[in-house]
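The values are calculated or read from the model by the stated rules, or taken from the named source; none is laboratory data. Just so it is clear, the model here is predicted, and its values are computed rather than measured. Neighbour counts are summed over all protein chains in view; Cβ atoms, including those assigned to glycine, are modelled from backbone coordinates with ideal geometry.
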Amino acid sequence: MANSEHTFTAIKPDGVQRGLVGEIIKRFEQKGFCLVGLKFMQASEDLLKEHYIDLKHRPFFTGLVKYMHSGPVVAMSNLADSKPGTIRGDFCIPVGRNIIHGSDSVGSAEKKIGLWFQPEELDYKSCAQNWIYE
Ligand code: ADP
């Protein structure tokens, strides 16, 4: 039966600047994740502060918002039920330049999707799900 769990991921400014957008999206697609929304955008500092609100007391919070605001990101909403492999393992060295955001729970993903997308931007049904899931 097709999985209908949604997640939110974003390729961060370093992933965009390093020309890894195609490679990362290719991995999601090859795994069978279904893209239902995608936008190339420079996020406002207000959006990023809200996105990372749970980390606002951490010492790296200001640097994190600055890093995420330093250039465009690729925000994606996906249908998914498993971890997206080893993108950070293959492409990243320090935690402060880790090229991609991934949601860690259904509740968190729902919250982030609401921040980054309007419902009408996600009105898309894939026909491939029946070929990926039993
Ligand atoms: P993850 O993105 O792996 O779920 P967290 O939610 O803990 O990680 O942190 C969000 C983001 O904050 C990380 O992806 C990374 O960009 C940044 N970050 C986390 N820890 C550090 C750190 N010690 N120094 C700099 N940036 C950090």
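Just to be sure, is residue 49 more than 14 Å from residue 9 (Cβ to Cβ) and in contact with a Phe, Trp or Tyr (Cβ under 9 Å, 6 or more places away or on another chain)? Show your work before the answer.
Numbers: more than 14 Å from residue 9 (Cβ to Cβ): yes; in contact with a Phe, Trp or Tyr (Cβ under 9 Å, 6 or more places away or on another chain): yes.
So residue 49 fits the description; yes.
Going through region 114-134 one residue at a time, which ones are under 19 Å from residue 72 (Cβ atoms) and among the aliphatic types (A, V, I, L, M)?
Answer for region 114-134, where residues must be under 19 Å from residue 72 (Cβ atoms) and among the aliphatic types (A, V, I, L, M): just 115.
Please enumerate the residues belonging to region 44-64 that are within 14 Å of the ligand (Cβ to nearest atom), touching a residue at least 24 places away in the same chain (Cβ under 8 Å) and either among the β-branched types (Val, Ile, Thr) or within 24 Å of residue 5 (Cβ to Cβ) (or both).
We begin by selecting, within region 44-64, every residue within 14 Å of the ligand (Cβ to nearest atom); these are 48-64.
Add one more test, that the residue is touching a residue at least 24 places away in the same chain (Cβ under 8 Å), and what stays is 50-51, 60, 63-64.
Correct list: 50, 51.
Considering only residues that are touching a Pro at 6+ places or on another chain (Cβ under 9 Å) and in a helix (DSSP H, G or I), look in region 18-38 and name the one that is surrounded by the fewest Cβ atoms within 10 Å (Cβ to Cβ).
Keep residues of region 18-38 that are touching a Pro at 6+ places or on another chain (Cβ under 9 Å), which gives 24, 27-28, 31, 33.
Keeping just the survivors that are in a helix (DSSP H, G or I) gives 24, 27-28, 31.
Details: 24: 22, 27: 16, 28: 18, 31: 14.
Selected residue: 31.
Out of (1) out of contact with any Leu (no Cβ under 7 Å at 6 or more places or on another chain); (2) at pLDDT 95 or above; (3) not charged (D, E, K, R), what's the single condition that is false for residue 74?
Result: residue 74 fails condition (1) only.
I need the full set of residues from region 65-80 which are surrounded by fewer than 18 Cβ atoms within 10 Å (Cβ to Cβ) and within 15 Å of the ligand (Cβ to nearest atom), in order please.
66, 67, 69, 70, 71
What number of residues within region 20-43 are among the small types (Gly, Ala, Ser), at pLDDT 95 or above and more than 16 Å from the ligand (Cβ to nearest atom)?
1
Can you find even one residue in region 116-134 that is crowded, with 16+ Cβ neighbours inside 10 Å, touching a residue at least 12 places away in the same chain (Cβ under 8 Å) and of a type in the set (Val, Ile, Thr)?
Scanning region 116-134, I find no residue that is crowded, with 16+ Cβ neighbours inside 10 Å, touching a residue at least 12 places away in the same chain (Cβ under 8 Å) and of a type in the set (Val, Ile, Thr), so the answer is no.
Which of the following residues is under 21 Å from residue 4 (Cβ atoms) and under 13 Å from the mean Cα position of the chain (by Cα): 126, 103?
None of the other options fit; the residue is 103.
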